[in-house]
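Below: the structure, in structure tokens.
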Amino acid sequence: MSDVTKIVSDIKKGEIKPIYFLMGEEPYYIDKISEYIEKNVLSEDEKGFNQVVLYGRDVTIEDIIDNAKRFPMMAERQVVIVKEAQELSRTIENLIAYVKQPQPTTVLVLCYKYKKIDKRKSLYKEIKKKGVVYESKKLYENHVAEWISKVLAGKNYKIETKAILMLVEFLGTDLSKISNELDKLMVILPKGSTITPDAIEQNIGISKDYNNFELRKAIGERNVLKSNRIINHFAQNQKANPMVMTISLLNGFFTQLLVFHSLKDKSKNSVARALGVNPFFVSDYTTAARNYPMRKVSQVIGLLRDADVKSKGVGANALPAGDILKELIFKIIH
């Protein structure tokens, strides 16, 4: 986020570079930077003649260079934005001639999503000299919680830990989706509010009681009643709670539990680092480790593999997903 803040801050101060090459696995910040440039570098009056958006699948490198070499009309500069520039990955190195002598009155923005250019090659090195190269890296799941907190804090909101975990479980690490849901909440809730699990449930539709996070916790505690309630809910709402996702998350939990058993230092922060999880979860692993010795954990992983095979229709005699899950949870807990 600090790199993004600096790019935006420099543009606000008028320190605008002739080339912005935005690349990497996480599209969220690539979109944010290009949108900021698109909205703010030129005035509304200047945009008509001096701002163009191209798409990589529709143009060649030569087309981009031709547009970039044009002079602005009745404005200090022009903006050329190339979206989906990754579609030009086979010929992107041909941009080198322009990069060596960029048009000083052009702001060329290339959105190179999900890929990177080779940092050892001259194109990367020349862009670094003349402009900005920004690499947007994918956030790991255990860092998304911190990202959510920071984004909300910057807009004068707080959020409870369980509410964060509900969002991450439901939306994964897709920052664009998470941002959209946070925007909805911030429209509804007044500034200074704390976002709670109830707010998530009421406004986004994620159940605070019937989700994989609560199922994992119930299984770790060997809470038969709660586990069955959640499984029954899943069976009745299979579209919102796909069995493949549930099995995958449980498999991840028990695989991490094996690692937990092997740790010498079981302090909260040490466990969180070793397992790559939010410290909020560490007590779940401590409880589960008491209920599931290492041998039982190995058996459970085997049961999860069998259930995964059955969920794909192999040797299950077309058992309903709900029945496969109920059988699985019974075998795990007992």
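The values are calculated or read from the model by the stated rules, or taken from the named source; none is laboratory data. Being a predicted model, the structure only gives us computed values, none of them experimental. In this analysis, Cβ positions are derived from the backbone assuming ideal geometry, glycine residues included, and neighbour counts consider all displayed protein chains. Each accessible area value is taken on the protein alone, full model and side chains, heavy atoms only, with ligands, DNA and RNA left out. Shrake-Rupley method; radii C 1.70, N 1.55, O 1.52, S 1.80 Å.
Of note:
- For K331, a cut-off of 13 angstrom between C-alpha atoms picks up these aspartates and glutamates, skipping any fewer than 8 places away in its own chain: D306, D323.
- Per-residue HN-Hα couplings for the range 53-61 [Karplus 6.51, -1.76, 1.60; θ = phi - 60°; Hz; x = Gly/Pro]: 10, 10, 10, x, 6, 9, 10, 10, 4
- Per-residue [θ]222 nm for the chain (sum of -39500 (n - 2.57) over DSSP H runs n ≥ 4, rounded to 500): -17500 deg cm²/dmol
- Between the residues A68, Q51, L88, the greatest Cα displacement towards the positive end of the dipole of the range 36-90, with unit charges on the Cβ of Lys, Arg, Asp and Glu, is found for L88.
- Out-of-range pairs (alpha-carbon distance over 29 Å; input K226/K296; K155/K264; K116/K239; K150/K208; K13/K150): K155/K264; K116/K239
- Exposure of Y124 as accessible area (Å², to 10), given a probe of 1.4 Å and all protein chains: 40 Å²
- Dipole moment magnitude, nearest 20 debye, the range 145-219 about Cα centre, only Lys, Arg, Asp, Glu C-beta charged: 220 debye
- At the listed q of 0.10, 0.11, 0.15 Å⁻¹, the Debye profile of the chain, built from one uniform point per Cα, gives log10 I(q)/I(0) equal to -0.76, -0.86, -1.14.
- Furthest towards positive pole of dipole, V133, S193, V144, structure part the range 105-225, Cβ charges: V133
- Filter on K130/K184; K162/K266; K6/K113 - keep pairs with C-alpha separation over 29 Å: K130/K184
- For T106, distant residues with modelled amide H under 5 Å away: Q78
- Cα convex hull volume per residue for the range 1-89 (Å³): 97 Å³
- A simple packing score, the average count of other Cβ atoms within 10 Å per residue, orders the peptides 133-141, 281-289 as 281-289, 133-141, with the highest score first.
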